[in-house]
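The values are calculated or read from the model by the stated rules, or taken from the named source; none is laboratory data. Quick caveat: nothing in here was measured; it's all calculated off a predicted structure. Note that we place each Cβ from the backbone using ideal geometry, even for glycine, and neighbour counts take in every protein chain shown.
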Amino acid sequence: MDISLKYKIVEKIITSNDEALLNEIQSLIGLSESDFWSEIPSEVKKAIHQSQLEHDHGKGIPSHQVMDELKSRFLNR
């Protein structure tokens, strides 16, 4: 990559006030300090944990079956 392009990118980052953009760049280059799990509501964490337990016990519906059912239900009208 051309060094001048790198400088242009750095300049845009330095002069940017777009917090969403800066957060995306931070995440993209691996500088994110927080783990996404800490930002998930406790109800969602409980639901994920319950789903993992069900999966571990052979319960649930395989994703391909769910997708097939949704496609037939909504795309074949």
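Of the set (1) part of a helix (DSSP H, G or I); (2) in contact with a helix residue (DSSP H, G or I) (Cβ under 9 Å, 6 or more places away or on another chain); (3) surrounded by 10 or more Cβ atoms within 10 Å (Cβ to Cβ), all apply to Gly60 but (1). Per the listing Ile13, Ile48, the residue uniquely in contact (Cβ under 8 Å) with a residue 12 or more places away in the chain and assigned to a helix (DSSP H, G or I) is Ile13. Reported count of residues in segment 30-43, each being surrounded by 11 or more Cβ atoms within 10 Å (Cβ to Cβ) and either at pLDDT below 75 or not aliphatic (A, V, I, L, M) (or both), is 1.
Just wondering, is there one or more residues in segment 19-29 that are free of Cβ contacts under 8 Å to residues at least 40 places away in the same chain, part of a helix (DSSP H, G or I), of a type in the set (D, E, K, R) and surrounded by fewer than 10 Cβ atoms within 10 Å (Cβ to Cβ)? Can you show your working first?
In the first step, residues of segment 19-29 are kept if they are free of Cβ contacts under 8 Å to residues at least 40 places away in the same chain; the result is 19-29.
Among the residues that remain, those that are also part of a helix (DSSP H, G or I) are: 19-28.
Keeping just the survivors that are of a type in the set (D, E, K, R) gives 19, 24.
From what's left, surrounded by fewer than 10 Cβ atoms within 10 Å (Cβ to Cβ): 19.
Looking for residues that are free of Cβ contacts under 8 Å to residues at least 40 places away in the same chain, part of a helix (DSSP H, G or I), of a type in the set (D, E, K, R) and surrounded by fewer than 10 Cβ atoms within 10 Å (Cβ to Cβ), one finds at least one in segment 19-29, hence yes.
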